[in-house]
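Here the structure is laid out as structure tokens; the discussion comes afterwards.
The numbers here are math on the coordinates, done by the rules we state, and not lab data. In this text, all values refer to a predicted model and were calculated from it rather than measured experimentally. Positions of Cβ are generated from backbone atoms using ideal geometry, with glycine treated the same way; all protein chains shown enter the neighbour counts.
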Amino acid sequence: MTRDETDFRIRPGKPRDHQPRSPRVRRKPQGFLAEVHQAVRRAGGDPNKLAGKGKGKASGRFNARGRGAKVAAELKGRNPWSRGPDGSRTRARRVTVKARIVKLNPQRGAARGRSFVSTKAVDAHLRYLERDGVTREGERGQVYSATEDAADGRNFLDRGRDDRHQFRFIVSTEEGVDLSDLRQSTRDLMARMEADLQTRLDWIAVDHYNTGHPHTHILVRGVTDQGKTLNIAGDYIAHGIRERASEIVTLELGRQTELEVTDQLRREVEADRFTRLDRMLIAEQEAANEFADLRPDHDTLETMKRNRALLIARARRLEKMGLATEVRPGEWHISDRAEGTLRALGEREDIIKSMHRALEGNNLNDARGTSQLAVHRDKLRERITGRVLARELAGDGNGDRVQLVIDGTDGRVHQIELRADRCDGIGRGMIVAAAPPPTEPRAADRNILAATDSDGTYHPSRHIEIARDEKITPDPERFVAAHVRRLEALRRAGIVERWSEDHWKVPRDLPERGLAYDRKWHGPSARLEMLSPIGLDRQVTHEGATWLDKELMRQGAVNLRETGFGLEMKRAMERRKQVLVQRGDAQDLGQGRIRAPRDLIHRLETREIDRVGRTMAADRGRDWTPVKPGSRFGGELVGSTQLPSGRFAMIDNGLGFSLVPWNDALERRLGQQIGGVGLPGGGVDWAFGRKRGLGL
């Protein structure tokens, strides 16, 4: 075959960049199609819509079958800018909408998992929205609806108990302080949503003014006016609600001028959070597939040209933070970790602000410095004991995690985050202890093993003798009773066996198995324990056992500092000593020392239970029947009551009324008939069903 030397075919490869670049930044080769897309973006177009792209299935939750998809398609990508007859440019008002779909009940045939929110968490979320200090006047939040200024939030939740899901929205206007009636604006928004979704909505809302920007929390049931499941298109949730809210706010406040928009952007240059300027820089870098080109002669979008000076100033700010690099004059490479880092900084700044609000609300802003603030989030690594200064929803307030600000005995102010169901009943002013997941076996397990015979037999009576002979504690009976309660918990887990009241079978690896049980029960996050429902001042004069008394008997086991709440607690303990001496419960030894009987706590607790129990029995028309060691009791578990010395179960047998120590296992038996036997030291051996015991 004759070869034709003049016949050849050109195969162009990818264009290569031979210009020198920074060794820290590697440029990817850019193809011809990428250059076309870049040019389309600079012209203000969307390359994804070329050649019929973007007509397929929409992205996002419920888009294929959700309501509002058609409206969202019309609103999505709408240009907020417009030009007037005189040539001036104005922009619609900006509104931020945060949304969350909360799963309440699984679909038929689906297994309930962690993604479903419990009834307690839903109830707690409403309580937090209605908490004190959220209105303009610093009062309690008020729920309202489309027709009622004072709606019943509890009734709203009860109507939606069987719903599959609930929608939660937070609507915040950039200039919300200028709105004449935030409540009416919310009603107008919900009316437009009903028109877009073609159904009446069952909703309630609460307005909050406790932050820099007034905002509204809106709860919407996930059902239509026909009682069917309400599915809202994801694009409508992401774009439609925001656009409708912007229309309403713009109608009242008018459009913004370019000068006003520039002034708002100028305030973001030095912000330690993710801003619109950062979003513009990242978008320009992604469009160019290399760097954010801020050179004056660079062909770019009109928005970038107008704000070039602010973008350069922001890029230099990011460079100081190690999140940007100027490759060549006017060309910047934004780090891949910039957005995550800036968002984390913004969240931390919000937490610090909330801690300062908590200090200010307790008149402690001058007494606690910034260096004393400790932010833990959900990663607690040390035990914290202190007074609750504030409790509110964590993050943007749309979830089910709670943020607590605790004035610690170690002289610091701590912030922690917990699941709502783990701190139910905890309020401002209470004394609490937050514990991280355990890493060491309990001292009680080691004590039990040390008092166990070589054949693995543990006798509580022998342990009492050991504690009395070695003077381990001033109250040996109460000390051992606490160990017996621990054994009862381990018995229910199948780790130990009880052969009789004074005969237990204990394995040799009890500490290790006990630690494994504690870690499983505790979970990965912190757990909260309420030490006292009343503050220090009330504990000083209280006629009953208090947390201060327990700490006095422990001889200062809590880590106290000569500053902050630690100093307040030390002073309160000294005043409590004087009160105990004046009432004859302790003997003054001088120089701030007292001598108290070993069973002081038991005496004070018994005195309080007897006083409160008689009053409650009289109110119910029953005889007061105290539970004594060795005595049997029984009746209906009608509820519980929280005393400074602890939580107690209320037992009513139709004639008599008793108060006995509470345990979380009783939560499932409210309204049932239960019984038990009183144990030494104030404990109870419960009997349910077929004589199955639950020792407390």
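Details
- Computed over neighbours whose Cβ is under 14 Å from that of Arg161, the net charge equals +1, Lys and Arg +1, Asp and Glu -1.
- Separation of the stretch 275-295 from the stretch 410-444 is 44 Å, based on Cα centroids.
- Loop-located trypsin sites (Lys or Arg not before Pro) in the stretch 393-496 (DSSP state not H, G, I, E or B) with no more than 14 neighbouring Cβ atoms inside 10 Å: Lys471.
- Normalising by residue count, the stretch 487-540 has a Cα convex hull of 144 Å³ per residue.
- Of all complete DSSP H helices in the chain, those with a Cα span along the helix axis of 20 Å or greater and a mean Kyte-Doolittle hydropathy of -1.0 or more are 182-197, 338-361, 476-492, 564-582, 600-619.
- On the beta carbon distance between Ala450 and Ala687, with R0 = 22 Å, the FRET formula returns roughly 0.15.
- Computed across the stretch 443-520, the Kirkwood radius stands at 12.5 Å (inverse of mean 1/r, all Cα pairs).
- The stretch 207-344 - Rg over Rh from alpha carbon coordinates, Kirkwood radius: 1.07
- Sequence of Thr452, Thr135, Thr186 once ranked by neighbouring C-beta atoms within 10 Å, starting from the fewest: Thr135, Thr452, Thr186
- Globularity index of the stretch 390-488, i.e. its alpha-carbon radius of gyration over 2.2 N^0.38 Å: 1.56
- Pairs with C-alpha atoms separated by more than 32 Å, drawn from the list Lys98/Lys120; Lys353/Lys570; Lys228/Lys520; Lys379/Lys628; Lys577/Lys628, are Lys228/Lys520; Lys379/Lys628.
- For Gly222, residues with placed amide H under 5 Å, excluding near neighbours: His165, Phe167
- Debye equation applied to the C-alpha atoms of the stretch 94-210, log10 I(q)/I(0) at 0.13, 0.20, 0.22 Å⁻¹: -0.58, -1.30, -1.48
- Under 15 Å from the Cα of Lys505 - aspartates and glutamates, other chains or at least 8 residues apart: Asp445, Asp453, Asp455, Glu488, Glu497
- Most to least packed among 529-535, 240-246 [average Cβ atoms within 10 Å]: 240-246, 529-535
- Over the C-alpha trace of the stretch 459-569, radius of gyration and Dmax come out as 17.8, 51 angstrom.
- Pairwise Cα inverse-distance average, inverted: Kirkwood Rh of the stretch 346-435 (Å): 12.9
- Distribution of pairwise C-alpha distances over the stretch 601-695, 5 Å bins, in %: 3, 14, 27, 28, 20, 7, 1, 0
- Its Cα gyration tensor gives the stretch 618-660 an equivalent ellipsoid; the semi-axes, largest first and in whole Å, are 16, 14, 9.
- When you restrict to C-alpha pairs under 8 Å that are six or more residues apart and normalise by the size of the chain, the relative contact order lands at 9 percent.
- In this rough spin-label picture, where each label sits 7 Å from Cα along the Cβ direction, the Thr563-Arg611 distance is 3.8 nm.
- For Ile594, the residues whose modelled amide H falls within less than 5 Å of its own, excluding neighbours fewer than 5 places apart on the same chain, are Leu589.
- Approximating the spin labels as points 7 Å out from Cα along Cα→Cβ, the Glu470-to-Arg183 distance works out to 6.6 nm.
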